[in-house]
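Worksheet: one structure, shown below.
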Amino acid sequence: LSLDSVDPACSEAPPSSRVLHRFDFDEQGQGNVEAGPRYWLPLRLAGFPKFTEGSFDEAVGHEAPPSFHLAGEGRNVAYQYGGHETRVRPGSEYVIDAFLRPDRLLHARACVSAHFVDESGRPMPETLVRSRFVGEAAETDAWTRVDLVLPSAPPGAVSVGLTTWVLQEPLWNP
């Protein structure tokens with residue numbers, strides 16, 4: 001999962017220098033001994049039970065292990081990023097590249113959403129974008145790339161909020 005700036009002022013810079021933040025989930029060397037990634041917190045909405053969880057999968061990763069695994073146990077599960085590495089400049093556009101691996105999602109689908117966050121830490125709902133749903137039979141057990149574009153950061157936006165979801169059929173196909 002990476003967040004890239006497409007700020008026109010940076011168009012002459014090489015693409016790698018415009019990466020705002022890259023989540024590779026390899027945090028053990030940085031001192032994270034928790035079961036899951038730093039700053040990713042579960043969303044406990046109605047229909048998202050407390051027994052669902054997100055944790056590192058030390059055996060599987062897109063480019064290399066680990067990855068961030070959401071275990072829904074047949075239920076909805078979502079985790080939201082609340083760290084500070086996604087600070088933005090007003091007026092800049094951002095692209096989120098994510099790789100999802102919909103392992104054994106029979107009736108569920110996975111997706112990623114993004115939105116801008118204001119200085120008080122509140123989501124700016126009018127900026128919400130969501131990837132397509134991943135998990136059809138042809139995509140099972142394969143890493144699938146999804147891209148989201150957050151157009152021009154509005155005044156008051158200070159960071160990007162990210163959420164990764166596994167949703168059961170009543171929510172993704174109402």
Inter-site label distance for R44 and H84 at 7 Å from Cα along Cβ, in nm: 2.6
Neighbour net charge for G135 - beta-carbon separation under 11 angstrom, K R +1, D E -1: -1
Residue-wise HN-Hα coupling along the range 53-62, computed from phi with Karplus coefficients 6.51, -1.76, 1.60 (Hz; x: Gly, Pro): 8, x, 8, 6, 10, 6, 9, 10, x, 5
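Before rounding to the nearest 500, sum -39500 (n - 2.57) across all DSSP H runs of length at least 4 in the chain and divide by the residue total; then give [θ] at 222 nm in deg cm²/dmol.
Numbers: 1 runs with 4 residues, N = 174.
About -500 deg cm²/dmol.
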Nonlocal amide H pairs with A71, under 5 Å, H built at 1.01 Å: E53, G54, S55
Options P155, A142, G29, ranked by Cα towards positive dipole end of the chain, top entry (Cβ charges): P155
Positive minus negative residues near N32 (Lys, Arg vs Asp, Glu; Cβ under 10 Å): -2
With 5 Å bins from 0: P(r) over the chain, alpha-carbon pairs, percent: 1, 8, 16, 21, 20, 16, 11, 5, 1, 0
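With Cβ to Cβ distances under 9 Å as the rule, what net charge do the other residues near T52 carry (K, R +1; D, E -1)? Before the final figure, lay out each step's value.
Numbers: positive: K50, R75; negative: E53, E73.
Every neighbour counted, the sum reads 0.
Of all GluC sites (Glu not before Pro) in the range 77-144, which ones are in loop regions per DSSP and have a Cβ with at most 13 other Cβ atoms within 10 Å?
E119, E136
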Probe 1.4 Å, protein heavy atoms only - accessible area per residue of the chain in square angstrom: 56
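Set the Förster radius R0 to 25 Å, insert the Cβ-Cβ distance between V149 and V33 as r into 1/(1 + (r/R0)^6), and round the FRET efficiency to 0.05.
Numbers: r = 35 Å, r/R0 = 1.42.
With R0 = 25 Å, the Cβ-Cβ based efficiency is 0.10.
Where the only charges are on Cβ atoms (+1 Lys, Arg; -1 Asp, Glu), what is the dipole of the chain about its Cα centre, to the nearest 20 debye? Write out the running numbers ahead of the final one.
On the way: 15 positive and 24 negative charges, 98 e Å.
The dipole of the chain has a size of about 480 debye.
The values are calculated or read from the model by the stated rules, or taken from the named source; none is laboratory data. Just so it is clear, the structure is predicted and the values come from calculations on it, not from any experiment. Cβ atoms come from the backbone with ideal geometry, glycine included; neighbour counts cover every protein chain shown. Keep in mind that these areas ignore ligands, DNA and RNA; they rest on the heavy atoms of the full protein, side chains included. Shrake-Rupley method; radii C 1.70, N 1.55, O 1.52, S 1.80 Å.
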